[in-house]
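Enquirer: The structure that follows is given in the form of structure tokens.
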Amino acid sequence: MNDFKIILFLCNWGPHTAFQTLQDTGREIPDEVSMIRIPCTGRISKSLLFKAFEMGADGVVLAGCKPGTCRYGSGTATAIENTEDTRDIIGLLGLGKERLRHVTFFPDESDLLLKFLNDFCNQIRSLGPSPMLPIPITESEAISRESLAEIVSYHDAFACQDCGKCSSACPLALIGKPFSPRELVNSIIAGDMDSPSVNKDIWSCLTCGLCYDRCPSAVNFPEFIRDIRHVIRKKGGNAHEAHGGFFQSLMRAMTSPGLKTQRWDWLPQDVEVDSKSKILFFGGCSPYFDIFFRNHLGVETRKILKDSLRLLNFFDIKPALLQDERCCGHDLLWSGDKDNFLKLAAMNVESIHNLGIEEVITACPECYRTLAHDYPKYGITLNFKVTHIYELLENEISKGAIDFKKIDKKITFQDSCRLNWIEEPADLPRKLIRRLKPSSFREMQNNGKSAICCGNCAWTGCDAFSKALQVKRLRQAHDTGSDLLVTACPKCQIHLRCAMEDPFLGEELNMEMIDLTGIIAKTICWE
Amino acid sequence: MTDAQNHKQAKKEIIITGFGGQGIILAGIILGKAAAIGEHMESTLVQSYGPESRGGSCNAQVVISHEMIHYPYVSHPDILVCMSQSGYDKLIQQIKENGTLIIDQDLVRPARELKRDFFSIPATGMAEELGRVMIANIIMIGFLTAVTDVISMDAAQKSVLESVPKGTEKLNTTAFKKGHDYGLATLKGRQKKAAGQAGAIS
Ligand code: SF4
Ligand code: SF4
Ligand code: SF4
């Protein structure tokens with residue numbers, strides 16, 4: 001007996017017979033193997049594969065039928081893709097790809113199955129236990145009246161005048177979702193936390209901030225929602241997580257101190273970095289997103305990191321990179337998991353301090369907001385300043401002698417909700433866009449402070465109304481007559497691309513997208 | 001011979017040309033003062049007066065030298081700074097063959113057949129952005145300091161502060177720095193281009 005834990009997801013049809021033969025004939029199956037019988041490997045999503053690791057598995061096997069013998073046709077092909085994606089993600093995470101395998105067996109291949117299991121167990125033993133700490137299952141905490149009252153008074157929600165301006169500005173309500181921020185505020189003030197509308201709607205809000213902009217009593221609705229989510233989740237509330245909660249699991253996993261993440265391995269050789277620099281480039285989770293969505297959306301948000309680094313190099317800045325960079329914690333903070341957000345924050349700040357960094361530059365609006373604004377607000381002291389790359393670029397470009405090559409595209413711009421909250425310096429992306437030389441630049445009907453967001457935030461509460469919102473947004477983009485949609489956040493690219501994958505509307509909605517850093521990097525030149 | 005010695009020994013003749021009201025003469029004074037007080041060199045200034053000085057064309061002739069200056073007029077400058085089209089048209093033929101030409105690109109359009117290399121800066125546009133067109137001359141001094149080696153950054157900055165009206169020091173320092181940054185960026189851009197790195201994605 002040993003302490004290793006290996007999960008064997010076993011398809012009901014082919015390989016289960018082989019496994020049963022082993023059991024019936026009294027063959028010795030390694031102790032550490034726990035078998036879970038499933039109807040089809042194609043239904044074991046990336047999030048379920050990853051969940052096994054999150055709950056403490058040292059190795060995971062997805063065993064299914066041989067290609068062509070899948071009872072449902074496409075199960076094996078899907079299982080292969082899911083396993084490949086998850087393997088690459090756990091590779092980046094520093095867990096080791098080898099810990100996850102997809103295998104196929106015929107019903108009569110019991111000997112081969114046993115041999116495989118023995119070999120795999122040996123391999124895992126030699127790798128040692130998983131560096132990922134199992135996430136403890138926390139006791140559900142009842143919501144106390146006090147904690148609720150504290151949040152209500154902290155955000156001064158009592159000041160709500162019941163005017164309904166928020167509900168009439170909310171893009172979700174406008175798209176037809178039966179959802180009213182005003183009603184939500186009122187139910188929470190009344191302490192009616194068990195009402196179905198609170199439990200459902202609390203996860204729907206996009207935290208885009210449009211309502212806050214309109215509220216005459218300055219109730220900071222998004223932050224209010226965020227804090228209420230924290231108490232509801234403590235009670236054991238479901239966060240309505242998109243993609244089976246894969247991203248929340250991934251981000252929680254990064255709180256394990258033993259993980260040596262490897263998120264920079266893919267950088268091209270010609271990008272210059274300097275481990276001794278006092279300036280650090282903080283990348284964010286794009287590399288994970290790209291792998292997760294590669295077979296579906298085909299987004300390439302990693303390019304934003306590459307282009308940003310190239311732009312820094314263009315201005316002779318060779319930044320350091322955090323080899324063990326972890327998620328900034330934004331998505332956990334906004335989907336109710338404050339405890340793990342705080343852990344990530346503490347770990348990132350400690351690593352940055354250990355390098356003696358004076359300035360952190362980032363191109364991700366969420367990382368920027370979280371590092372610059374939320375870390376200090378949650379009591380984490382920073383001995384460095386945080387700069388969004390747009391600010392740095394605007395500064396450097398305004399020194400002069402910089403020109404931009406003409407680009408034969410008509411462009412429009414998708415605002416990032418996280419950047420819209422930055423008061424100073426105002427509207428940096430537009431300042432930069434105005435320097436470019438496209439054939440034309442036209443704003444969408446809703447732009448700037450009243451822009452419609454990309455339809456999802458923190459991988460929470462995605463539903464048909466999110467899709468409707470995205471469709472509306474992309475139609476607005478097409479209405480400008482533009483053929484290139486410039487974005488400022490990797491997530492905007494992901495969520496908007498998602499709507500463009502629609503089998504019925506996809507073609508109508510399709511539009512080329514590029515991040516602002518990408519179009520700058522492509523056209524900037526010395527005068 | 002180091003660069004510092006080099007610029008101490010050589011005699012430099014400079015003309016700044018523009019129209020009345022742009023602070024052309026003040027720019028000349030700042031340059032001369034920087035050389036004389038900051039760098040302990042000799043300097044002279046001759047300014048054009050006459051019917052031209054109000055709104056018409058106007059110029060400042062500055063000589064900077066490590067030795068005694070016997071003749072303060074400049075007819076063939078080493079450095080020609082043009083802040084007006086008419087000044088440019090009148091003086092472009094007189095600049096020395098390997099002299100340095102600097103223009104305010106918002107005000108001067110160099111002739112198409114012009115073969116020589118030159119430096120340009122949108123000084124007036126930048127001054128407008130700072131809220132005072134008047135300050136283009138200081139931006140120009142900053143630029144000139146960066147792209148030529150007549151005076152040092154320190155001497156120039158001090159001289160600016162001593163010569164401008166009290167209470168405008170902050171604005172003038174900002175203007176000087178803007179011009180200087182622009183100059184450094186221009187030099188860097190030239191270097192990068194020469195090394196074949198014109199853009200961010202090569
Ligand atoms: S806009 Fe503000 S004051 Fe008006 S109903 Fe909404 S939260 Fe209340
Ligand atoms: S933050 Fe955005 S989605 Fe949420 S209630 Fe306000 S306007 Fe609606
Ligand atoms: S919009 Fe698409 S990519 Fe975004 S959370 Fe929803 S399903 Fe996922």
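Enquirer: Could you grab me the full set of residues in segment A:452-474 that are within 25 Å of A:Ser249 (Cβ to Cβ), open to solvent by less than 40 Å² (accessible area, probe 1.4 Å) and not in a strand (DSSP E or B)?
Expert: A:Cys453, A:Cys454, A:Gly455, A:Asn456, A:Ala458, A:Trp459, A:Gly461, A:Ser466, A:Gln470
Enquirer: Inside segment A:200-254, counting only helices (runs of 4 or more DSSP H) that do not spill past its ends, which hold 3 or more residues that are more than 21 Å from A:Leu48 (Cβ to Cβ)?
Expert: Here the list reads A:210-214, A:221-234.
Enquirer: Residue under question is A:Val219, and the condition is that it be surrounded by 19 or more Cβ atoms within 10 Å (Cβ to Cβ), away from chain B (no Cβ under 14 Å) and within 16 Å of ligand 1 (Cβ to nearest atom); does it hold?
Expert: yes
Enquirer: Which of the following residues is more than 16 Å from ligand 3 (Cβ to nearest atom), in contact with a helix residue (DSSP H, G or I) (Cβ under 8 Å, 6 or more places away or on another chain) and closer than 19 Å to A:His495 by Cβ: A:Pro222, A:Pro216?
Expert: None of the other options fit; the residue is A:Pro222.
Enquirer: B:Ile201 versus (1) open to solvent by 40 Å² or more (accessible area, probe 1.4 Å); (2) outside any loop (DSSP other than H, G, I, E, B); (3) within 14 Å of chain A (Cβ to nearest Cβ): which is the lone unmet condition?
Expert: Among (1) open to solvent by 40 Å² or more (accessible area, probe 1.4 Å); (2) outside any loop (DSSP other than H, G, I, E, B); (3) within 14 Å of chain A (Cβ to nearest Cβ), B:Ile201 violates only (2).
Enquirer: Another one. Six or more apart or on different chains, Cβ atoms under 6 Å: show the pairs whose first residue is in segment A:175-192 and within 13 Å of ligand 2 (Cβ to nearest atom) and whose second is of a type in the set (Ser, Thr, Tyr) and assigned to a loop (DSSP other than H, G, I, E, B).
Expert: A:Phe179/A:Ser204
Enquirer: So which residues in segment A:305-321 are over 19 Å from the mean Cα position of the chain (by Cα) and of a type in the set (A, V, I, L, M, F, W, C)?
Expert: Selection gives A:Leu309, A:Leu311, A:Leu312, A:Phe314, A:Phe315, A:Ile317, A:Ala320, A:Leu321.
Enquirer: Here is a follow-up. Of all the residues that make up segment A:33-74, how many are part of a loop (DSSP other than H, G, I, E, B) and crowded, with 21+ Cβ neighbours inside 10 Å? Step through it out loud before you land on a result.
Expert: Quick first cut of segment A:33-74, residues part of a loop (DSSP other than H, G, I, E, B) only: A:39-40, A:44-45, A:55-58, A:65-74.
Applying the additional criterion that residues be crowded, with 21+ Cβ neighbours inside 10 Å yields A:44, A:57-58, A:65, A:70.
The number of residues fulfilling the criteria is 5.
Enquirer: Could you tell me whether any residue of segment A:493-516 is within 16 Å of ligand 2 (Cβ to nearest atom), buried (at least 17 other Cβ atoms within 10 Å of the Cβ) and more than 14 Å from chain B (Cβ to nearest Cβ)?
Expert: yes
Enquirer: Here are some conditions: (1) touching an Asp or Glu at 6+ places or on another chain (Cβ under 9 Å); (2) of a type in the set (Asp, Glu); (3) closer than 23 Å to A:Glu391 by Cα; (4) away from chain B (no Cβ under 14 Å). A:Glu325 meets all but one. Which one does it not meet?
Expert: Condition (1) is where A:Glu325 drops out.
Enquirer: Only one residue in A:Gly191, A:Gly128, A:Gly176 is within 30 Å of A:Ser416 (Cβ to Cβ), away from every other protein chain (no Cβ under 14 Å) and away from ligand 3 (no atom under 16 Å from the Cβ). Which one? Step through it out loud before you land on a result.
Expert: Details: A:Gly191 fails: within 30 Å of A:Ser416 (Cβ to Cβ); A:Gly128 fails: within 30 Å of A:Ser416 (Cβ to Cβ).
On inspection, the qualifying residue turns out to be A:Gly176.
Enquirer: Kindly indicate whether any position in segment A:82-89 is touching a His at 6+ places or on another chain (Cβ under 6 Å), crowded, with 19+ Cβ neighbours inside 10 Å, at negative phi and not assigned by TED's automatic domain parsing to the domain that holds A:Cys285.
Expert: yes
Enquirer: Also, quick follow-up: Enumerate the helices (runs of 4 or more DSSP H) found wholly within segment A:322-401, keeping only those where 3 or more residues are more than 19 Å from A:Asp427 (Cβ to Cβ) and in contact with a helix residue (DSSP H, G or I) (Cβ under 6 Å, 6 or more places away or on another chain).
Expert: Values: elements: A:330-334, A:338-354, A:365-369, A:389-398.
By residue number, A:330-334, A:338-354.
Enquirer: Tell me, which residue of segment A:304-322 that is among the basic types (Lys, Arg) and within 11 Å of chain B (Cβ to nearest Cβ) is surrounded by the fewest Cβ atoms within 10 Å (Cβ to Cβ)?
Expert: This residue is A:Lys306.
Enquirer: Of all residues in segment B:114-145, which are free of Cβ contacts under 8 Å to residues at least 12 places away in the same chain, charged (D, E, K, R) and away from every other protein chain (no Cβ under 14 Å)?
Expert: B:Lys115
Enquirer: Does segment B:83-90 contain at least one residue that is at negative phi, crowded, with 22+ Cβ neighbours inside 10 Å, in a helix (DSSP H, G or I) and not polar (S, T, N, Q)?
Expert: Pass one, segment B:83-90, residues at negative phi: B:83-90.
Imposing the further condition that a residue be crowded, with 22+ Cβ neighbours inside 10 Å reduces the set to B:83-84, B:87-88.
This time we only want the ones that are in a helix (DSSP H, G or I), so: B:87-88.
Checking which are not polar (S, T, N, Q) leaves us with B:87-88.
Taking every residue of segment B:83-90 in turn, at least one turns out to be at negative phi, crowded, with 22+ Cβ neighbours inside 10 Å, in a helix (DSSP H, G or I) and not polar (S, T, N, Q).
Enquirer: If you don't mind, there's one more thing I want to ask. Considering each of A:Glu300, A:Glu325, A:Glu358 in turn, give the residue that is touching a strand residue (DSSP E or B) at 6+ places or on another chain (Cβ under 9 Å) and closer than 30 Å to A:Ile80 by Cα.
Expert: Checking each option against the conditions leaves just A:Glu325.
Enquirer: So, one more: In the list A:Asp162, A:Asp156, which residue meets the criterion of being near ligand 1 (Cβ under 8 Å from one of its atoms) and on the phi > 0 side of the Ramachandran plot?
Expert: A:Asp162
Enquirer: I'd like to check something: does segment A:354-366 contain any residue that is open to solvent by 20 Å² or more (accessible area, probe 1.4 Å) and within 14 Å of chain B (Cβ to nearest Cβ)?
Expert: Checking segment A:354-366: not a single residue is open to solvent by 20 Å² or more (accessible area, probe 1.4 Å) and within 14 Å of chain B (Cβ to nearest Cβ).
Enquirer: May I pose another question? Considering segment A:396-416 alone, what residues qualify as being touching a residue at least 40 places away in the same chain (Cβ under 8 Å), more than 14 Å from chain B (Cβ to nearest Cβ) and not aromatic (Phe, Trp, Tyr)?
Expert: A:Lys409, A:Lys410, A:Ile411, A:Thr412, A:Gln414, A:Asp415, A:Ser416
Enquirer: Quick one: which of A:Leu469, A:Leu419, A:Leu393 is away from ligand 3 (no atom under 16 Å from the Cβ), more than 17 Å from A:Met513 (Cα to Cα), touching a residue at least 40 places away in the same chain (Cβ under 8 Å) and away from every other protein chain (no Cβ under 14 Å)? Explain how you work it out, then say what you get.
Expert: Working: A:Leu469 fails: away from ligand 3 (no atom under 16 Å from the Cβ); A:Leu393 fails: away from every other protein chain (no Cβ under 14 Å).
Answer to the check: A:Leu419.
Enquirer: Would you mention how many residues in segment B:146-193 are surrounded by fewer than 16 Cβ atoms within 10 Å (Cβ to Cβ), more than 30 Å from A:Ile304 (Cβ to Cβ) and within 13 Å of chain A (Cβ to nearest Cβ)?
Expert: Here the count works out to 2.
The values are calculated or read from the model by the stated rules, or taken from the named source; none is laboratory data. Since the model is a prediction, treat every value here as computed from it, not as a measurement. Here Cβ is always computed from backbone atoms with ideal geometry, including for glycine, and neighbour counts include all displayed protein chains. Surface areas here come from the heavy atoms of the whole protein model, side chains and all, with no ligands, DNA or RNA. Shrake-Rupley method; radii C 1.70, N 1.55, O 1.52, S 1.80 Å.
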